[in-house]
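Undergrad: I'd like to ask you about the structure that follows.
None of the figures in this text is laboratory data; all of them are computed from the coordinates on show. Bear in mind the structure is a predicted one, so any value in this text is a computation, not a measurement. No Cβ is skipped: glycine too gets one built from the backbone with ideal geometry, and neighbour counts run over all protein chains shown.
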Amino acid sequence: MVLKNKKFIISAAGDGIGFSIAKLIVENGGKVYLSDINQQKINKIKSNKKFKNKIFATHLDANNYEYVKKYFLSLTKLKKIDGLINNVGIAGPTKYLEKISSEEWKSTIENNLNSHFYFSKFSIPLLKKNKSGSIVNISSTAGLFGFPQRTPYAASKWAIIGLTKSLAME
């Protein structure tokens, strides 16, 4: 896999799957613009000399439309990107539906689904300028089969699959 001079945006990439993807891209010659809500993780990435001029890390709440919009406005030097990886996801509550509060429901849907919408919305113009590229939306098998006592999580992951299929058709 050769990604020399390819540029990628990854949400929620301070550690875990997102950061593993970021490292793989960098190891293959690409550059990564990642964000995460955890400031300590961002600071750790920024202080690692190994990633200087390869990974550009920003503290960001991907659940907030205005913050995501400002983040993309700050990336004006990019002009275009080769890919977006939507990685935001929270587990949400583990309870029967009738025990879930509306706040827990909203938080899970907003984090898991709305963040994908926000990042996709602002990435599409950068992908179009490149005349190619990809959007990868991280979902879960819960988005295919459901998951008892994890209804908000499963619903959000099903919605991500619907978002992905609809976006591909567009």
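Undergrad: For the stretch 88-102, does any single residue satisfy the condition of being β-branched (Val, Ile, Thr) and farther than 21 Å from Ile9 by Cα?
TA: yes
Undergrad: Among the residues of the stretch 151-170, what is the count of those that are under 19 Å from the mean Cα position of the chain (by Cα) and either loosely packed, with under 12 Cβ neighbours inside 10 Å or aliphatic (A, V, I, L, M) (or both)?
TA: Of the residues in that region, 10 qualify.
Undergrad: Would you check which residues across the stretch 129-150 are part of a helix (DSSP H, G or I) and surrounded by fewer than 21 Cβ atoms within 10 Å (Cβ to Cβ) and list them?
TA: Result: Lys129, Asn130, Ala142, Leu144, Phe145.
Undergrad: Are there any pairs, at least 6 apart or on different chains, whose C-beta atoms fall under 8 Å, with the first in the stretch 20-49 and in contact (Cβ under 8 Å) with a residue 60 or more places away in the chain and the second surrounded by 13 or more Cβ atoms within 10 Å (Cβ to Cβ) and not β-branched (Val, Ile, Thr), and if so, which?
TA: Ile21/Ala13; Ile21/Asn87
Undergrad: Out of all the residues in the stretch 136-160, which are touching a Ser or Thr at 6+ places or on another chain (Cβ under 6 Å) and of a type in the set (A, V, I, L, M)?
TA: Result: Ile160, single match.
Undergrad: Could you say whether any residue in the stretch 61-83 is in contact (Cβ under 8 Å) with a residue 40 or more places away in the chain, loosely packed, with under 12 Cβ neighbours inside 10 Å and closer than 15 Å to Phe122 by Cβ?
TA: Scanning the stretch 61-83, I find at least one residue that is in contact (Cβ under 8 Å) with a residue 40 or more places away in the chain, loosely packed, with under 12 Cβ neighbours inside 10 Å and closer than 15 Å to Phe122 by Cβ, so the answer is yes.
Undergrad: Residue check, Leu126 against (1) touching a residue at least 40 places away in the same chain (Cβ under 8 Å); (2) surrounded by fewer than 19 Cβ atoms within 10 Å (Cβ to Cβ); (3) assigned to a helix (DSSP H, G or I), all met but one. Which one?
TA: So Leu126 meets the others, but not (2).
Undergrad: Specify the residue that is farthest from Ile90 (Cα to Cα); the eligible residues are those in the stretch 1-58 that are surrounded by fewer than 21 Cβ atoms within 10 Å (Cβ to Cβ) and among the hydroxyl-bearing types (Ser, Thr, Tyr).
TA: Result: Ser47.
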